[in-house]
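Novice: Take a look at this one; I'll ask things after.
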Amino acid sequence: RKIRAMTQPDRQRIGLYGGAFDPPHKAHVALAAAAVQQLALDRLYVIPTGQPWMKQRRLTAAEHRLAMVRLAFADAPKTVVDDCELLRRSTTYTLDTLHELQARPAHAGRKTDWFLVMGEDLLHTLPQWWRAEDLLREVTVAVLARLDTTGGQAQALPPPAGVRAVPLHLPASAISATHIRQGLQQRAALTPQDRLAWLQTLVPCPVAQYIDNHQLYLTPHAN
């Protein structure tokens, strides 16, 4: 379901999809593909976070998360993995990332519609984000509509006041990075082959192989 009514050759449609991606999994890839298709994006930036202000736990090392994201999205159309937040020394804020991208030659001076892609779990935290009003003046939020537990119709909650939001539609998925990390710890005593077979049902195969090669998530510090 593309929401674009008519192509405007002088105007771009650009998406930002940030996250810890610790690790990136099949639901992440599916949401990115849905955003590109349903929003008719010209480009989607997939941006692993540096040290986001909302995360309390310690994230897996940036080099591992970046490598996994590059593997996960290697074949995703119109998708670019960008490490701009990982290169920052301080806490990362989405508005800073947006302004950095807007200043690049590919976008500077061009008419651009910016979309912020996220799951519904983040939608209602938006008013607490750093300089939220400034950010929300510049982007439309594209939010994955929540499905009920039977996979039925989307039960989308209304966005907070002042948030321009459009829904993205995907089949329900129970995959989460937390589930993957905990599942690997629970399977630490299994053979590498058994762990890998389980992992490949949840993350793209190259990501599963990377996790196995580097023995990631077998200890609890990254949860």
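The values are calculated or read from the model by the stated rules, or taken from the named source; none is laboratory data. Note that the structure is predicted; figures quoted are calculated from it, not measured. We place every Cβ from the backbone using ideal geometry, glycine too, and count neighbours over all the protein chains shown.
Novice: Within region 131-144, is even one residue modelled with pLDDT under 85, closer than 30 Å to residue 182 by Cβ and not in a loop (DSSP other than H, G, I, E, B)? I'd like the intermediate steps shown before the answer.
Specialist: So in region 131-144, the residues modelled with pLDDT under 85 come out as none.
No: region 131-144 contains no residue that is modelled with pLDDT under 85, closer than 30 Å to residue 182 by Cβ and not in a loop (DSSP other than H, G, I, E, B).
Novice: Run down 10, 42 and say which single residue is among the acidic types (Asp, Glu) and at pLDDT 95 or above.
Specialist: Exactly one of 10, 42 is among the acidic types (Asp, Glu) and at pLDDT 95 or above, namely 42.
Novice: Residues being in a strand (DSSP E or B) and more than 21 Å from residue 207 (Cα to Cα): count how many of those fall in region 55-103.
Specialist: 1
Novice: So residue 47 ticks every box in (1) surrounded by fewer than 17 Cβ atoms within 10 Å (Cβ to Cβ); (2) touching a residue at least 40 places away in the same chain (Cβ under 8 Å); (3) under 15 Å from the mean Cα position of the chain (by Cα) but one. Which box is left unticked?
Specialist: (1)
Novice: Can you tell which of 70, 89 is modelled with pLDDT of 95 or more and out of contact with any helix residue (DSSP H, G or I) (no Cβ under 7 Å at 6 or more places or on another chain)?
Specialist: 70
Novice: Looking at (1) modelled with pLDDT of 90 or more; (2) in a helix (DSSP H, G or I); (3) surrounded by fewer than 17 Cβ atoms within 10 Å (Cβ to Cβ), can you tell me which one residue 106 breaks?
Specialist: The failed condition is (2).
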